[in-house]
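The values are calculated or read from the model by the stated rules, or taken from the named source; none is laboratory data. Remember, it's a predicted structure, so these values are computed and weren't measured experimentally. Counting neighbours? That spans all protein chains shown, and the Cβs are built from the backbone with ideal geometry, glycine included.
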Amino acid sequence: MKHALTGLVALSLLAPSVSAQSLTGQPAQASDAYYVAARADLATRIAVTPNTGRARNIILFVGDGMGTSTLTAARIFQGQRQGVDGASTWTTMDRLPYAALVRTYSHDSLVADSAPSATALLTGVKARNDTVGVDHTVAVDDCAGSVGHGAVSLFETAEDAGLATGIVSTARITHATPAAAYAHTPQRDWEHDAELPAAAVAAGCTDIASQLIAWPHGDGFEVVLGGGRAAFLPKTAPDPEDPQARGLRQDGRDLIAEWKLKHPTGRYVWNRAQFDATTPARGEPLLGLFEPDHMKYEAERDQDVGGEPSLAEMTRKAIAALQQQDKGYVLLVEAGRIDHAHHVGRADLALADTVALDEAVAAALGMVDTPDTLVIVTADHSHNLTISGYPPREAPILGSVTRGDGVRSIASDGKGYALLSYASGPGAVDGPRSDVADIEHDHAPYPALVPMRSAAHGGEDVVARATGPWAHLLNGTIEQNLIYHIMAHALGEGADEPSTKAQD
Ligand SMILES: [Zn+2]
């Protein structure tokens with residue numbers, strides 16, 4: 001403290017207008033609205049006390065590809081869509097009291113894909129790109145090398161300890177992020193049997209969809225909601241939503257029928273009406289597969305033939321189901337399509353899906369008791385979205401950059417430019433770039449520098465925000481795999497202890 005004061009005195013000598021009096025008295029700007037708001041915010045933060053109780057429940061939200069620029073742009077988008085100032089909007093995620101910067105590199109790459117990053121979040125170890133639920137020694141595609149190198153997920157230890165578990169995603173439920181909760185494979189693309197090479201089958205590997213159905217932990221997931229139905233159906237089976245489409249399995253298995261056999265009291269739903277009609281009940285696990293492939297983007301959800309619930313609706317249903325259980329629960333909720341929208345350069349779709357995730361977080365916080373529930377919201381990795389230019393504060397986040405007088409800002413090539421753009425992706429062009437005029441209404445990829453059919457992920461740190469027991473351990477800069485250890489610690493490490501195994 002002495003040193004700090006000495007430093008301030010020294011500073012005041014250099015800058016006479018900053019006097020020591022401002023530490024205790026009212027500075028000239030004390031009635032300024034920004035100043036007043038920040039003082040109120042300060043008081044709120046001083047009142048926050050760390051919760052060191054045991055977590056009964058854990059809810060982990062993952063925005064796939066939801067980097068910090070996506071968070072900022074989505075906040076502005078959310079406010080502007082509501083007709084208020086976007087820049088100063090507070091999302092539900094923004095209001096979570098604790099946060100950390102998260103280093104997302106994988107064992108073998110500066111830039112992770114969802115497979116090793118989900119593995120880090122859910123098993124506590126870093127792994128190699130494209131591998132799911134295995135440790136860092138396992139090379140991609142090496143089935144023989146993966147034997148004996150599975151990494152146990154928090155969901156597996158939780159189920160074994162008698163807790164309830166659930167996974168929710170707008171992506172295929174066999175996609176990398178949800179798969180890390182239950183699958184162990186050296187190749188994330190082995191989602192159904194037709195994807196496995198003969199050598200992998202011979203070495204004993206199985207596809208991700210079949211691993212979900214065969215999952216040998218506790219009494220299995222209480223709730224599974226997402227897309228990806230085709231990986232569960234034989235290629236002879238017509239899809240209920242699109243009779244022209246067929247399942248993808250070559251082994252003739254109908255994994256949905258197998259799930260029903262395994263869970264005679266369970267309920268399977270594939271459309272909105274069935275979902276709405278389902279009231280979660282104890283001892284009645286719920287499987288919902290709403291699309292043959294990924295679920296729709298939020299902005300296009302109303303175009304679905306069979307109807308799809310929103311991420312917030314799925315989150316509410318999942319929590320209602322998990323709350324029926326005695327011993328607490330672990331739930332993963334993934335906004336899986338933020339990433340897909342960025343891959344195709346559609347920042348507009350990515351922001352709408354990020355807002356949908358924020359609504360799911362709000363839905364969860366409205367249902368749970370945060371003193372006994374650790375809620376974490378993070379991303380698996382970033383994307384290369386940039387917010388750049390000096391538009392007026394009220395400029396549409398999805399539009400082109402304008403000056404204060406509303407005239408478009410012009411770059412040195414004489415053309416306008418978008419406020420949002422990408423370092424790589426399908427929005428890049430060979431030769432001179434085109435002008436950017438009406439981009440917010442184009443429904444086209446946003447501009448990119450490096451041409452790629454699919455934009456590359458971003459490698460900078462992502463943010464994790466949290467509330468509830470041990471949320472304060474999310475602070476400073478952390479390794480991504482620490483998040484697993486914080487969750488396990490918050491559960492009292494109980495899920496790691498064989499001695500606590502299924503006493504009821
Ligand atoms: Zn991706």
Subset of segment 430-463 [in contact (Cβ under 8 Å) with a residue 60 or more places away in the chain and polar (S, T, N, Q)]: Ser454
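Here are Val138, Val152, Val134: which of them is in the same structural domain as Ile486 (by TED's automatic domain parsing) and out of contact with any His (no Cβ under 7 Å at 6 or more places or on another chain)?
The unique qualifying residue is Val152.
Could you list, in sequence order, all residues of segment 34-62 that are touching a Leu at 6+ places or on another chain (Cβ under 8 Å) and of a type in the set (Lys, Arg)?
Arg54
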Residue tally, condition more than 23 Å from Arg301 (Cβ to Cβ) and in contact (Cβ under 8 Å) with a residue 40 or more places away in the chain, over segment 216-234: 6
Residues of segment 277-309 that turn out to be modelled with pLDDT of 95 or more and closer than 30 Å to Thr236 by Cα, as a count: 20
Meets criteria (hydroxyl-bearing (Ser, Thr, Tyr), on the phi < 0 side of the Ramachandran plot and within 16 Å of the ligand (Cβ to nearest atom)) for Ser382: yes
Residue in segment 471-486 that is part of a strand (DSSP E or B) and either in contact with a helix residue (DSSP H, G or I) (Cβ under 8 Å, 6 or more places away or on another chain) or on the phi > 0 side of the Ramachandran plot (or both) present: yes
Test result for Asp41, within 30 Å of Thr177 (Cα to Cα), surrounded by fewer than 17 Cβ atoms within 10 Å (Cβ to Cβ) and out of contact with any Ser or Thr (no Cβ under 8 Å at 6 or more places or on another chain): no
Filter result (within 11 Å of Thr370 (Cα to Cα) and of a type outside the set (Gly, Ala, Ser)) within segment 42-62: Asn51, Arg56, Asn57, Ile58, Ile59
Helices (runs of 4 or more DSSP H) (entirely within segment 133-180) containing at least 1 residues that are acidic (Asp, Glu) and buried (at least 24 other Cβ atoms within 10 Å of the Cβ): 154-160
Failed criterion for Asp369 (all others in (1) free of Cβ contacts under 8 Å to residues at least 24 places away in the same chain; (2) within 16 Å of the ligand (Cβ to nearest atom); (3) among the charged types (D, E, K, R) hold): (2)
Residues satisfying the stated conditions in segment 70-99, i.e. among the small types (Gly, Ala, Ser) and in contact with an Asp or Glu (Cβ under 9 Å, 6 or more places away or on another chain): Ala74, Gly79, Gly86, Ala87
Unique residue being touching a residue at least 24 places away in the same chain (Cβ under 8 Å) and of a type in the set (Phe, Trp, Tyr) when the list is Tyr34, Tyr98: Tyr98
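Quick one: would you say Lys327 is under 19 Å from Val224 (Cα atoms), more than 16 Å from the ligand (Cβ to nearest atom), touching a Leu at 6+ places or on another chain (Cβ under 9 Å) and at pLDDT below 95?
Working: under 19 Å from Val224 (Cα atoms): yes; more than 16 Å from the ligand (Cβ to nearest atom): yes; touching a Leu at 6+ places or on another chain (Cβ under 9 Å): yes; at pLDDT below 95: yes.
In short, yes.
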Per-region count, segment 181-208, residues under 17 Å from Arg128 (Cα atoms) and assigned to a loop (DSSP other than H, G, I, E, B): 8
Test: residue in segment 449-456 that is surrounded by 20 or more Cβ atoms within 10 Å (Cβ to Cβ), more than 16 Å from the ligand (Cβ to nearest atom) and at pLDDT 95 or above: no
Qualifying residue in segment 126-135 (condition: within 17 Å of the chain's Cα centre (by Cα) and not polar (S, T, N, Q)): yes
Qualifying residue in segment 412-419 (condition: in contact (Cβ under 8 Å) with a residue 40 or more places away in the chain and either within 16 Å of the ligand (Cβ to nearest atom) or not assigned by TED's automatic domain parsing to the domain that holds Ser114 (or both)): no
Segment 217-268, residues that are buried (at least 23 other Cβ atoms within 10 Å of the Cβ) and of a type in the set (Gly, Ala, Ser): Gly226, Gly227, Gly228, Ala230, Ala231, Gly247
Among (1) more than 16 Å from the ligand (Cβ to nearest atom); (2) in contact (Cβ under 8 Å) with a residue 24 or more places away in the chain, the one test that Thr89 misses: (2)
Qualifying positions in segment 42-73 - in contact (Cβ under 8 Å) with a residue 24 or more places away in the chain, away from the ligand (no atom under 16 Å from the Cβ) and of a type in the set (Ser, Thr, Tyr): Thr52, Thr68, Thr72
One residue from Ala112, Ala120, Ala100 being touching a strand residue (DSSP E or B) at 6+ places or on another chain (Cβ under 9 Å) and away from the ligand (no atom under 16 Å from the Cβ): Ala100
